[in-house]
Amino acid sequence: MANYRLKKGYDIRIAGEAEKFIERAPLPESVGLYPADFYGMTPKPLVEGGERVKVGTPLWRDKRRESLVVTSPVSGTVAEVRRGERRVLGAVVIRTDGKQHVATTAAPPPKRVSSSARGDIIGALCAAGLFPLVRQRPFGTIADPQATPRDIFVTAMDTAPLAPDQGLIIKNHQREFQRGIDVLAVLTPGKVHLCADGGPGGDSLFDGVKNVEHHRFAGPHPAGNVGVHIHHVSPIRGAGDIVWHCTVQGVILIGRFFIAGAPSFEVTAAVAGPAAARRRYVEVLAGAEISSFAGASDAFPSARFISGNVLTGRNAGADGFLGFGDNLVTIIPETKKSVFLGWLSPGFSLESFSGSFVSRLMPRRRFAIDTNRNGSVRAFVATGIYERLLPMDILPLFLLKSILAGDIEEMEKLGILDVTPEDFALCEYACPSKTDIQRILRDGIDLVLKEARERE
Amino acid sequence: MKPPGKMRSAFEKGGRLERFWPLVDAAETFFFRLPVRTAGGAHIRDAYDLKRMMMIVVVALFPSMIFGTYNVGYQFYASAGISADHIACMLKGLTVIIPLYVVTFAVGGAWEVFFALIRGEEINEGFFVTGALIPLVMPPAIPLWQLALAVSFGVVLGKELFGGTGMNIFNPALVSRAFLFFAYPKSISGAGVWTLTGDRVVDAYTMATPLHLGIEPKGDIITHLSANGFDFWRMFTGLEPGSIGETSVIAILIGALILIITGVGSWRIIVSVFAGGAVVALVCNAFAPSPASILALPAHYHFVMGGFAFGAVFMATDPVSAAGTNSGKYVYGFLIGALTVMVRTLNPAYPEGMMLAILFMNLFAPLIDYTVVQLNMKRRVRRAAG
């Protein structure tokens with residue numbers, strides 16, 4: 001076992017952690033899936049409004065890799081196939097029938113999990129719509145079923161603000177988790193690295209997991225990001241050096257599929273945030289209507305519903321859906337009031353990474369942070385703040401500048417293959433110029449990915 | 001406070017006075033923390049922004065400002081041989097400082113507004129710091145029209161021509177001072193300009209700054225300085241002639257503490273400027289032909305004389321014109337300190353090296369960063385290969 005102690009980073013002091021008990025959520029009336037949650041896929045819809053679907057019925061497939069499909073987590077009727085600009089698929093919404101019939105599949109999971117069955121395993125995962133649980137570096141796309149990854153990383157920790165406790169997610173699913181690990185181990189000629197929390201709050205439930213190489217990471221956010229783990233354990237060597245990764249929840253779903261023989265999309269998700277009512281964990285279907293299991297507290301008439309965490313999540317709206325692969329719904333108050341001479345205030349109740357507010361002296365205090373941008377957009381200033389928030393051997397400001405300049409060669413040399421926007425989310429939070437850093441990074445990754453795919 | 005709806009809409013896009021929107025916007029963002037919501041990316045943002053950062057620098061300058069005001073009055077009465085109380089010194093100082101600030105902010109602010117209107121951009125708060133700095137690096141007797149010219153030069157050529165705050169390569173406040181130094185050298189160099197004097201100057205009063213006295217000392221340099229009233233502690237506390245804000249090292253250190261605790265100023269730069277100065281001073285000491293040479297001046301004297309401390313804390317740390325990489329900051333700071341002492345000791349024709357050393361290193365900051373970036377790339381390639 002290797003231990004990594006990271007100093008750089010920051011834990012945002014936001015209030016509203018979920019209480020540690022799990023409740024079963026009712027079956028939602030509708031379920032929605034967003035293609036935007038599947039980065040790297042170009043969706044081609046396979047269903048139309050009004051069509052009947054079952055659990056595991058393909059909803060859309062990838063244009064590039066036809067075996068890659070996203071399937072329905074419920075049985076019911078397709079209520080809506082939403083299109084966005086230029087008719088790009090925006091979302092597929094399904095009205096549930098409460099029966100949860102499972103679609104018959106031509107590719108059931110093989111009984112024996114061994115390296116000779118690698119092709120069958122991938123085929124079964126693809127057909128069931130579970131393969132998109134596996135992601136790929138560089139670029140952070142949905143994994144390519146035709147690739148052979150050097151290693152697979154399993155992220156058994158989450159340091160993001162108000163992140164769900166991974167120990168609670170695995171608690172009742174240890175057998176499924178181990179089975180999932182055994183399945184993943186077959187997919188790579190290399191190792192399965194299990195990266196868990198090595199801090200005081202770390203969970204011992206992961207200690208007994210077999211068939212993996214154990215790593216322990218301790219430190220503030222983003223110490224739990226898979227990009228940071230890969231960077232420290234064995235970094236990406238080039239655009240063709242492929243590493244897959246998967247969350248604890250993903251491994252559990254894969255394991256469950258191989259135990260039960262049929263796909264199930266039930267996940268454990270936390271309901272958290274300063275504006276959330278009934279903060280707790282729920283067992284719920286991926287893509288479930290958020291309003292079916294989470295709501296804003298009455299004290300906050302105007303709240304933002306985020307699927308995921310406050311740094312990288314999607315603004316789902318009160319009538320939105322839990323994102324595929326998300327284990328967290330965060331509800332925060334929308335900002336409303338102007339504050340007279342707000343930038344002069346001593347800042348007893350303002351959260352900041354900088355040392356320029358009195359709140360710095362209250363490290364244990366938690367703040368009901370709202371959606372205020374807290375300032376106007378300005379030019380980049382080399383304040384040295386990004387450097388203190390990125391625990392990698394990367395010069396963040398210069399990487400960002402190379403992206404703005406559109407210089408692909410420079411971007412690769414400065415480490416764009418090591419990162420995804422989530423690794424820079426904390427820099428975006430703390431940026432005094434209010435730059436949209438994740439957007440810049442996304443543009444850079446889009447550009448490099450496009451070029452890499454053209455070279456294929 | 002907030003412009004009422006109808007009036008405000010005339011300034012908005014499509015309104016009659018659309019062109020003047022940056023003015024309304026500046027007023028609003030100045031007086032209010034507006035409820036602008038995050039859209040895309042992170043849903044929450046740090047309470048810290050550039051405006052806050054600028055204000056912290058201004059707050060850190062307050063001790064130097066207040067002491068400088070007092071010292072202007074104190075030196076005025078001292079030169080006239082009048083013993084005045086603290087309040088009188090302060091009041092006299094205010095009569096000098098207030099016009100300087102009024103001119104600086106009026107001229108600089110007008111340029112900022114002018115460029116913001118031309119570009120149709122928001123008005124930047126960057127001038128807060130530049131404006132607060134400029135009077136502090138001026139001699140108290142500077143003619144106001146020269147100050148106005150210097151401010152214009154600093155803001156327009158030092159900053160706006162490069163694209164505004166964040167884009168400039170030189171520190172605009174230093175550009176202002178450099179302009180005066182080359183355009184009106186009589187107002188800002190020599191031994192006689194550092195005290196505001198009345199009609200009468202008593203013999204007992206030393207007009208020259210310690211730096212000037214150090215050029216051609218009679219006998220041992222330290223004895224010579226203290227014979228003229230400039231012992232180490234007097235220069236440390238700051239009751240001496242000089243640029244308005246630079247004399248008191250105590251006030252500057254309070255500012256440095258504020259900058260470092262809040263993380264606004266880079267401790268790496270501040271520490272390495274002093275380190276660079278100390279190293280070169282030690283080398284000079286070793287080669288000093290006699291204790292009467294300025295080469296024999298110990299490092300801690302360099303630190304309290306002239307603008308060394310002020311430059312290290314408030315000028316070298318300007319994040320826009322300094323090196324941007326952490327390791328680059330050590331090199332950048334070290335060379336500023338080293339160059340300053342070198343200019344002071346090896347080229348005594350111009351006894352103050354701080355301003356030119358910082359401007360010179362501003363020019364080299366991108367090169368330092370470039371080297372650091374190249375080394376980082378090489379290290380990354382090696383690591384990926386191994």
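The values are calculated or read from the model by the stated rules, or taken from the named source; none is laboratory data. Just so it is clear, the structure is predicted and the values come from calculations on it, not from any experiment. Because the Cβ atoms are built from the backbone with ideal geometry, glycine has one as well, and the counts that use them run over all protein chains shown. Protein only, heavy atoms only, side chains kept; ligands, DNA and RNA dropped before computing areas. Shrake-Rupley method; radii C 1.70, N 1.55, O 1.52, S 1.80 Å.
Quick one: if the Förster radius is 25 Å, what FRET efficiency do A:Ser338 and B:Val58 give, using the C-beta to C-beta distance and rounding to 0.05? Plugging the Cβ-Cβ distance into 1/(1 + (r/R0)^6) gives 0.65. Comparing the full protein assembly with the isolated chain, the residues of the range B:351-386 losing at least 20 square angstrom of accessible surface (1.4 Å probe) are B:Val373, B:Asn376, B:Met377, B:Arg379, B:Arg380, B:Arg383, B:Ala384.
For the peptides A:111-119, A:445-453, B:26-34, the ranking by packing is B:26-34, A:445-453, A:111-119, with the highest mean count of neighbouring Cβ atoms within 10 Å listed first. Remark: the B:Met167-B:Ala88 segment gains 24.1 nm on full extension, using 0.36 nm per residue and subtracting the alpha carbon distance.
From the P(r) of the range A:327-456, can you give the percent of Cα pairs sitting at distances over 20 Å? That tail contains 54 percent of the Cα-Cα pairs.
Of all lysines in the structure, the ones whose alpha carbon falls short of 17 Å from that of A:Lys191, not counting any fewer than 8 places away in one chain, are A:Lys210.
Please figure out what share of the DSSP beta bridges in the protein assembly as shown is antiparallel and state it in percent, rounded to the nearest 5.
60 percent
By DSSP, what percent of the beta bridges with both residues in chain A are antiparallel, rounded to the nearest 5? Close to 60 percent. All distinct Cα pairs of the range B:100-192 go into the 1/r average, and the inverse of that average, the Kirkwood radius, is 13.1 Å. Using alpha carbons only, how many angstrom separate the centre of the range A:256-282 from the centre of the range A:327-363? Between the Cα centres of the range A:256-282 and the range A:327-363 lies a distance of 30 Å. Within the accessible area of the range B:32-88, the carbon and sulfur atoms contribute 70%, probe 1.4 Å, all protein chains present.
Among A:Asp319, A:Asp165, the order of accessible area from largest down is A:Asp319, A:Asp165, computed with a 1.4 Å probe on protein heavy atoms. If you plug the beta carbon distance of B:Tyr101 and A:Arg5 into 1/(1 + (r/R0)^6) with R0 = 45 Å, you get a FRET efficiency near 0.35.
Over chain B, give the accessible area per residue in Å² for a 1.4 Å probe, as an integer. List each step's numbers first, then the result.
Details: 15950 Å² over 386 residues.
Computed with neighbouring chains in place, this is 41 Å² per residue.
Between helix B:86-119 and chain B there is an angle of about 40 degrees, using the helix long axis and the longest principal axis of the Cα atoms. Interface area, chains A and B: about 5600 Å² of buried accessible surface, summed, with a 1.4 Å probe and ligands, DNA and RNA left out.
Averaging the sequence gap over all C-alpha pairs within less than 8 Å and six or more residues apart, then dividing by the number of residues, gives the range B:259-386 a relative contact order of 28 percent.
When the Cα convex hull of the range B:51-142 is projected onto planes of every orientation, the mean area is 6.3 nm². Multiplying the residue separation of A:Arg278 and A:Arg64 by 0.36 nm and removing their Cα-Cα distance gives an extension gain of 72.8 nm.
Taking every residue in B:48-61, how many Cβ atoms of other protein chains lie within 10 Å of its Cβ, on average?
Taking all residues of B:48-61 together, the mean is 6.
Give the separation of the Cα centroids, the range A:185-230 to the range B:150-215, in Å. Taking the Cα centre of each part, the range A:185-230 and the range B:150-215 sit 59 Å apart. The long axis of helix A:174-187 is offset from the longest Cα principal axis of chain A by roughly 80 degrees.
With a Förster radius of 25 Å applied to the beta-carbon distance between B:Lys186 and B:Glu216, the computed FRET efficiency rounds to 0.75. Note that the range A:54-103 presents 49 Å² accessible area per residue, ligands and nucleic acids not counted, probe 1.4 Å.
Counting only DSSP beta bridges with both residues in the range A:183-302, tell me the antiparallel percent, nearest 5.
Here the share of antiparallel DSSP bridges comes out near 60 percent.
Solvent-accessible surface of the range A:128-225, averaged per residue with a 1.4 angstrom probe and all protein chains in place: 30 square angstrom. Counting only protein heavy atoms and a probe of 1.4 Å, the accessible surface of the range A:329-456 is 53% carbon and sulfur.
Size check on chain B: the Cα extents along the three principal axes, sorted descending, read 73, 69, 35 Å.
The alpha carbons of the range B:155-223 stretch over 50, 33, 17 Å along the principal axes, in descending order.
Can you tell me the relative contact order of chain A? Whole percent, Cα pairs under 8 Å, sequence separation 6 or more. For chain A, the relative contact order is 19 percent. Ranking A:Asp418, B:Asp199 by solvent-accessible area of protein heavy atoms (1.4 Å probe, all protein chains present), from largest to smallest, gives B:Asp199, A:Asp418.
Relative to the dominant Cα principal axis of chain A, helix A:118-128 is inclined by about 70°. Considering only Cα atoms, the convex hull volume of the range A:162-206 works out to 85 Å³ per residue. Against the criterion of solvent-accessible heavy-atom surface with a 1.4 angstrom probe, B:Thr195, A:Thr105 sort, most first, into A:Thr105, B:Thr195. Helix content alone sets the calculated 222 nm mean residue ellipticity of chain A: runs of n ≥ 4 DSSP H residues at -39500 (n - 2.57) each, divided across all residues, give -6000 deg cm²/dmol.
Quick check on my link table: of A:Lys450/B:Lys378; A:Lys20/A:Lys171; A:Lys413/B:Lys378, which ones sit more than 19 Å apart, alpha carbon to alpha carbon? Beyond 19 Å between Cα atoms: A:Lys450/B:Lys378.
Out of the total accessible area of the range B:214-311 (probe 1.4 Å, heavy atoms of protein only), what percent is carbon and sulfur?
Working: 2720 of 3760 Å².
The computed percentage sits at 72.
Buried by at least 30 Å² relative to the chain on its own: which residues of the range B:252-295 qualify, computing accessible area with a 1.4 Å probe on protein heavy atoms? Correct list: B:Thr262. With a 10 Å cut-off around each Cβ of A:392-399, the average count of Cβ atoms from other chains is 4. Across the protein assembly as shown the C-alpha pair distances fall into 20 Å bins from zero in the proportions 14, 40, 28, 14, 3, 0 percent. Measuring nothing but how far apart in sequence close Cα pairs (under 8 Å, 6+ apart) lie, relative to its length, chain B scores a relative contact order of 16 percent.
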